[in-house]
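Step one of this worksheet: look at the structure below.
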Amino acid sequence: MSFKVVCKDIGDTEKLAQKFAAIVKDTGAFVCLFGEVGAGKTAFTKLVCKYLDVREKVTSPSFVILNEYKTGVIPVYHFDLYRLENEGIHTIINELEEYSEGKILTLIEWAEFSQNALPFDRIEVQINYIDENKREFIFTPFETKSNEIVKRLEDENSCF
């Protein structure tokens with residue numbers, strides 16, 4: 001069951017990210033981010049990291065594939081699959097599965113380039129650009145842990 005929320009401005013997006021961070025800090029999560037260029041994948045990641053008390057500068061890992069942030073309340077691993085070729089994703093898929101375990105947060109930008117090779121427990125977040133300020137977020141869980149996280153997020157965001 002998916003949870004959909006429309007954020008009318010960056011303030012709403014920040015509230016959503018704050019609530020998401022509050023939930024995943026206790027459980028960890030593996031999150032696949034989908035959306036066009038400029039939809040807000042990196043912006044959402046930065047805001048979630050802010051509320052996990054990450055002190056490093058959070059940037060898009062477009063050219064390095066992975067940024068690691070270990071100063072927050074839980075470790076955050078921020079991947080970008082955009083630059084990987086078909087063969088490239090298969091070389092890191094086993095490594096990615098390791099990043100789905102334990103009390104860590106893994107965020108994957110451009111998850112559509114994973115070629116559906118992410119069968120483990122995850123949350124897929126589709127971010128749709130509506131206009132300059134407004135974004136639609138659709139959270140879809142896969143498996144037990146992710147279902148619990150999305151259900152809590154939905155319960156805590158009934159004001160949207």
Subject >> Mean Cα-pair separation over length for the chain, i.e. relative contact order, pairs under 8 Å, 6 or more apart, % >> reply: 34 percent
Subject >> Rough spin-label spacing in nm, given labels placed 7 Å along Cα→Cβ, for Glu143 and Phe120 >> reply: 0.7 nm
Original post:
So for the pair Val37, Ser2, with labels modelled 7 Å out along Cα→Cβ, what separation do we get in nm?
Top reply: 2.5 nm
**OP:** Describe numerically, in nm with one decimal, the distance between label points set 7 Å from Cα along Cα→Cβ at Lys70 and at Lys151.
**Re:** 3.5 nm
Subject >> 10 Å Cβ shell holding at most 13 others, DSSP loop, trypsin sites (Lys or Arg not before Pro): longest site-free stretch of the chain >> reply: 104-160
Subject >> Pair-distance profile P(r), taking every C-alpha pair of the chain, with 10 angstrom steps and integer % >> reply: 11, 44, 38, 7, 0
Subject >> For the stretch 3-156, size of Cβ-based charge dipole, Lys and Arg +1, Asp and Glu -1, in debye >> reply: 540 debye
Original post:
For Tyr129 and Thr27 in one chain, what is 0.36 nm times their gap in residues minus the Cα-Cα distance, to one decimal in nm?
Top reply: 33.8 nm
**OP:** Calculate how many DSSP beta bridges within the chain are antiparallel, expressed in % of all such bridges and rounded to the nearest 5.
**Re:** 55 percent
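Rule-based calculations on the coordinates, nothing more; no lab input. Not measured: the values here are computed from a predicted model. Glycine also receives a Cβ, built like all others from the backbone with ideal geometry; neighbour counts cover every protein chain displayed.
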